[in-house]
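The values are calculated or read from the model by the stated rules, or taken from the named source; none is laboratory data. Keep in mind that what you see is a predicted model, and the values were worked out from it rather than measured. So basically every Cβ, Gly included, is an ideal-geometry build from the backbone, and we count neighbours across all protein chains shown.
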Amino acid sequence: MLEKALVGTKRYYGLLAILAGLFALGFLFYLKQLNVGLGITGMGRDVSWGLYISQFTYLVGVAASAVMVVLPYYLHNYKAFGRVTILGEFLAVAAVSMCVTFVLVDMGRPDRVFNVFKYPTPGSVMFWDIIVLNGYLVLNILIGWNVLECERHSIAPPKWVKFLSYVSIPWAVSIHTVTAFLYAGLPGRGYWLTAILAPRFLSSAFAAGPALLILLCLLVRKYSKFDPGKEQIQTLAKIVTYATLINVFFFFCEVFTVFYSQLPDHMAHFQYLFVGLDGKGQLVPLMWFSIVGMTLAALFLVNPKLRKNESTLAALCGLVIITTWLDKGLGLMTGGFVPNPMEQVVEYWPTMPEAIISLGVWAMGFLILTILYKIAVSIKEEIKS
Amino acid sequence: MGMDRREFIRIAGLSTLLGLGGKGAFELLAPGRVEAEIIPAPRSMKAKRWALVINQKKLDDATAQKCAAACHRVHNVPDFINPPDDKLKLNPGVANRYEIKWLWTAHFHNAFPGDAPPHLAEKVEHMSFLVLCNHCANPPCVRVCPTKATFQREDGIVMMDMHRCIGCRFCMAGCPYGSRSFNWMDPRPYVKEQYPGYPTREIGVVEKCTFCDERLAQGLQPACVEASRGAMVFGDLEDEKSQVREYLRKYFTIRRKAHLGTNPQVYYIV
């Protein structure tokens with residue numbers, strides 16, 4: 001099937017070239033980071049995780065959201081999703097690849113990465129995260145590739161693939177739960193020390209992931225002869241709607257507990273993010289945009305007229321992606337580290353090299369995604385004709 | 001390639017045999033001596049659980065600074081704020097981000113956040129509290145480390161293996177005291193005077209106070225304790241007759257964020 005990735009239109013090659021170029025640029029800056037140290041980023045002794053780890057966290061969510069197309073298809077026999085499961089699974093492959101790369105890029109000593117396996121430490125959540133992420137990557141490659149291959153030859157997929165599909169459902173939930181547990185069990189970090197962190201991670205994932213999938217479906221329909229289907233997009237839209245609503249609800253659950261209890265260690269982080277602390281608050285406008293935008297997106301999505309119109313749906317999906325990204329891809333990390341354990345406010349903003357390296361990783365992910373989608377779409381076109 | 005399968009197996013087999021022969025030879029010549037042996041030096045200081053009492057009443061600001069300086073000197077801790085060479089000068093924001101701190105001073109409301117009453121005694125308000133790794137009996141940093149690069153010794157010291165550390169900084173997120181530092185930049189140019197008794201570090205690893213394990217092994221008190229002119233007492237918490245226990249019996253002490261359940265082993269007399 002790989003041969004399908006090698007032939008394409010000029011537009012396809014152009015897109016690959018742009019993504020490869022961005023990836024190469026990011027790689028050059030990464031070489032500099034390897035040489036000079038992580039000091040070329042905006043991180044420091046107070047905010048010791050930044051854009052890299054937050055992108056990792058956000059993308060684990062995108063990867064986990066594949067379960068939203070796999071589950072209805074395999075567990076509820078919702079046939080319509082048969083057309084889009086492959087798009088969900090290949091999105092997961094691209095997203096997990098980015099996750100793993102972001103973790104690697106964030107490491108001070110990437111040359112020692114295998115120490116994690118050489119000295120396995122089951123007490124560390126990081127150990128489990130590496131296992132579930134790589135497992136999920138393998139699962140989705142195996143399932144996606146085999147199902148597509150069988151579809152191409154119009155035969156039913158073998159039993160073991162179906163078995164793996166069932167395994168992938170709880171596995172998807174596990175990757176984002178374990179990722180939340182990285183944060184939710186640290187005694188001194190009030191912003192993360194909450195049982196609702198994993199549920200919040202999952203709800204924002206099931207909002208942002210399918211929203212991205214809708215946009216990708218619309219793109220696929222526009223630029224290829226394969227139509228993922230109106231019904232499929234509408235079902236995804238309902239998933240986005242309820243996941244966004246639940247995500248907003250979970251946020252207010254957290255806000256209630258923090259502010260009604262008045263526990264200073266928990267309030268300080270919210271105060272920094274939403275009103276500023278000690279006169280510092282560079283994230284305040286972004287955080288308000290995030291929560292207000294997310295709430296409005298959820299309310300608009302409930303309206304069937306706006307949801308059924310694919311142009312407004314696309315715009316609202318875009319809003320969901322941006323607002324959940326601000327919440328999880330920016331606020332989550334900085335908010336957790338500010339104020340620091342000594343109650344000082346040291347702010348964080350990514351540097352240019354850090355942003356370019358992150359962009360490079362995203363470009364790598366979208367390069368993988370473009371190639372995988374090209375293969376999937378070509379096969380689907382082939383079957384149709 | 002000019003090697004067929006047969007020859008490959010032959011060469012691979014032979015080299016395996018030779019490899020085994022290497023270890024076998026050692027076993028013959030010096031039985032049982034192949035693995036590394038650790039024999040504690042006879043004068044090394046031992047304890048069931050090391051603990052530190054800081055008597056803030058006896059610690060003036062100048063002495064506190066001296067303790068920190070002594071620690072940073074014998075551990076080759078770089079100084080990004082006041083580099084040895086003007087050419088290395090960084091802008092203050094960047095220098096603060098890179099800073100490596102093993103032992104440093106802080107005000108009461110930073111060292112003990114949430115514990116300060118509205119009208120704190122003036123003397124305490126201006127006091128310089130020495131803060132460092134608390135060598136928690138229940139350390140979150142050890143719990144989260146994915147490679148056991150940070151681990152707890154039997155005598156309670158929370159150690160740091162800078163040769164194993166992968167630089168993931170999970171321990172920095174886990175530590176509720178901000179006691180861990182990461183080498184964001186090559187620290188060596190920022191070390192004022194290299195102290196030969198302790199290794200310098202490379203970029204990309206985490207470091208912190210280790211209660212001067214290298215000095216304890218030589219029978220010496222931690223460097224800060226030595227420089228403190230009696231304001232710090234170091235000893236065995238499990239030994240009833242130790243000076244640490246004597247102080248804990250005699251004075252009321254507090255610990256940093258004890259409510260988190262980390263069971264810190266640095267005690268403060270205020």
Number of the exception - residue A:4 against (1) more than 13 Å from the chain's Cα centre (by Cα); (2) free of Cβ contacts under 8 Å to residues at least 60 places away in the same chain; (3) surrounded by fewer than 21 Cβ atoms within 10 Å (Cβ to Cβ)
(2)
I'm checking my understanding of the structure. Among residues of segment B:104-153 that are part of a strand (DSSP E or B) and in contact (Cβ under 8 Å) with a residue 40 or more places away in the chain, which one is nearest to the other protein chains (Cβ to nearest Cβ)?
B:131
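From the residues in segment A:105-152 that are in contact (Cβ under 8 Å) with a residue 40 or more places away in the chain and within 11 Å of chain B (Cβ to nearest Cβ), which one is surrounded by the most Cβ atoms within 10 Å (Cβ to Cβ)? Don't jump to the end; show me each part of the working.
To start, the set of residues in segment A:105-152 that are in contact (Cβ under 8 Å) with a residue 40 or more places away in the chain comprises A:105-106, A:108, A:110, A:125-126, A:128-129, A:132-133, A:136-137, A:140-141, A:143-145, A:147-149, A:151-152.
Next, from what is left, pick out any that are within 11 Å of chain B (Cβ to nearest Cβ): A:106, A:108, A:110, A:125-126, A:128-129.
Details: A:106: 24, A:108: 20, A:110: 16, A:125: 22, A:126: 20, A:128: 20, A:129: 21.
Filtering segment A:105-152 for residues that are in contact (Cβ under 8 Å) with a residue 40 or more places away in the chain and within 11 Å of chain B (Cβ to nearest Cβ), the one surrounded by the most Cβ atoms within 10 Å (Cβ to Cβ) comes out as A:106.
Given the structure, is residue A:272 at pLDDT 95 or above, surrounded by fewer than 21 Cβ atoms within 10 Å (Cβ to Cβ), among the hydroxyl-bearing types (Ser, Thr, Tyr) and out of contact with any His (no Cβ under 8 Å at 6 or more places or on another chain)?
Numbers: at pLDDT 95 or above: yes; surrounded by fewer than 21 Cβ atoms within 10 Å (Cβ to Cβ): no; among the hydroxyl-bearing types (Ser, Thr, Tyr): yes; out of contact with any His (no Cβ under 8 Å at 6 or more places or on another chain): yes.
Against the criterion (at pLDDT 95 or above, surrounded by fewer than 21 Cβ atoms within 10 Å (Cβ to Cβ), among the hydroxyl-bearing types (Ser, Thr, Tyr) and out of contact with any His (no Cβ under 8 Å at 6 or more places or on another chain)), residue A:272 does not qualify.
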Near pairs, Cβ below 7 angstrom, 6+ apart or cross-chain, from segment B:238-259 (over 20 Å from residue B:225 (Cα atoms)) to any residue that is at pLDDT 95 or above and of a type in the set (Val, Ile, Thr)
none
So, residue B:185, is that one in a strand (DSSP E or B) and within 30 Å of residue A:333 (Cβ to Cβ) or not?
no
Among the residues of segment A:94-104, is there at least one that is surrounded by fewer than 24 Cβ atoms within 10 Å (Cβ to Cβ), touching a helix residue (DSSP H, G or I) at 6+ places or on another chain (Cβ under 6 Å) and over 28 Å from residue A:169 (Cβ atoms)?
no
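Can you name every residue in segment B:172-193 that is charged (D, E, K, R) and touching a helix residue (DSSP H, G or I) at 6+ places or on another chain (Cβ under 9 Å)? Even if it seems obvious, please write down each step before you answer.
Let us first name the residues in segment B:172-193 that are charged (D, E, K, R), namely B:180, B:186, B:188, B:192-193.
If the condition is that a residue be charged (D, E, K, R) and touching a helix residue (DSSP H, G or I) at 6+ places or on another chain (Cβ under 9 Å), then B:180, B:186, B:192, B:193 are the ones that fit.
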Condition met for residue A:170 (assigned to a loop (DSSP other than H, G, I, E, B), more than 13 Å from chain B (Cβ to nearest Cβ) and under 18 Å from residue A:75 (Cβ atoms))
no
What are the residue pairs meeting all of these: first residue in segment A:331-360, first residue more than 12 Å from chain B (Cβ to nearest Cβ) and touching a residue at least 40 places away in the same chain (Cβ under 8 Å), second residue basic (Lys, Arg) and surrounded by fewer than 18 Cβ atoms within 10 Å (Cβ to Cβ), Cβ atoms under 7 Å, and 6 or more apart or on different chains?
A:353/A:32
Only residues in segment A:206-219 that are over 14 Å from residue A:231 (Cα atoms) count as the first member; pair them with residues that are charged (D, E, K, R), Cβ under 9 angstrom, at least 6 apart or cross-chain, and list the lot.
A:208/A:328
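In segment B:165-182, what count of residues is obtained for those that are more than 18 Å from residue B:103 (Cα to Cα), part of a loop (DSSP other than H, G, I, E, B) and touching a Cys at 6+ places or on another chain (Cβ under 9 Å)? Talk me through it step by step, then tell me what you get.
Our first condition is that a residue be more than 18 Å from residue B:103 (Cα to Cα); within segment B:165-182, this holds for B:165-170, B:173-174.
Applying the additional criterion that residues be part of a loop (DSSP other than H, G, I, E, B) yields B:165-169.
From what's left, touching a Cys at 6+ places or on another chain (Cβ under 9 Å): B:165, B:168.
Within segment B:165-182, residues that are more than 18 Å from residue B:103 (Cα to Cα), part of a loop (DSSP other than H, G, I, E, B) and touching a Cys at 6+ places or on another chain (Cβ under 9 Å) number 2.
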Tabulated pairs, segment B:39-63, first closer than 16 Å to residue B:246 by Cα, second at pLDDT 95 or above and assigned to a helix (DSSP H, G or I), C-beta under 6 angstrom, 6+ apart or interchain:
B:51/B:244; B:53/B:244; B:53/B:247
Can you name the number of the only condition in (1) closer than 30 Å to residue A:337 by Cα; (2) more than 12 Å from every other protein chain (Cβ to nearest Cβ); (3) in contact with a helix residue (DSSP H, G or I) (Cβ under 9 Å, 6 or more places away or on another chain) that residue A:56 fails?
(2)
Would you please name the residue that is surrounded by the fewest Cβ atoms within 10 Å (Cβ to Cβ), looking only at residues in segment B:210-264 that are of a type in the set (Ser, Thr, Tyr) and assigned to a loop (DSSP other than H, G, I, E, B)?
B:251
Breaking point among (1) surrounded by fewer than 21 Cβ atoms within 10 Å (Cβ to Cβ); (2) touching a Pro at 6+ places or on another chain (Cβ under 9 Å); (3) within 14 Å of another protein chain (Cβ to nearest Cβ), for residue A:78
(3)
Failed criterion for residue A:59 (all others in (1) over 25 Å from residue A:31 (Cβ atoms); (2) in a helix (DSSP H, G or I) hold):
(1)
So in segment A:34-44, with the set limited to residues that are closer than 21 Å to residue A:330 by Cα and in contact (Cβ under 8 Å) with a residue 24 or more places away in the chain, which one is nearest to the other protein chains (Cβ to nearest Cβ)?
A:44
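Report, by residue number, each residue of segment B:163-184 that is small (Gly, Ala, Ser) and either facing chain A (nearest Cβ under 7 Å) or free of Cβ contacts under 8 Å to residues at least 40 places away in the same chain (or both). Walk me through it before giving the result.
Step one: list which residues in segment B:163-184 are small (Gly, Ala, Ser), which gives B:167, B:173-174, B:178-179, B:181.
Once the filter is applied, which keeps residues that are small (Gly, Ala, Ser) and either facing chain A (nearest Cβ under 7 Å) or free of Cβ contacts under 8 Å to residues at least 40 places away in the same chain (or both), segment B:163-184 yields B:167, B:173, B:174, B:178, B:181.
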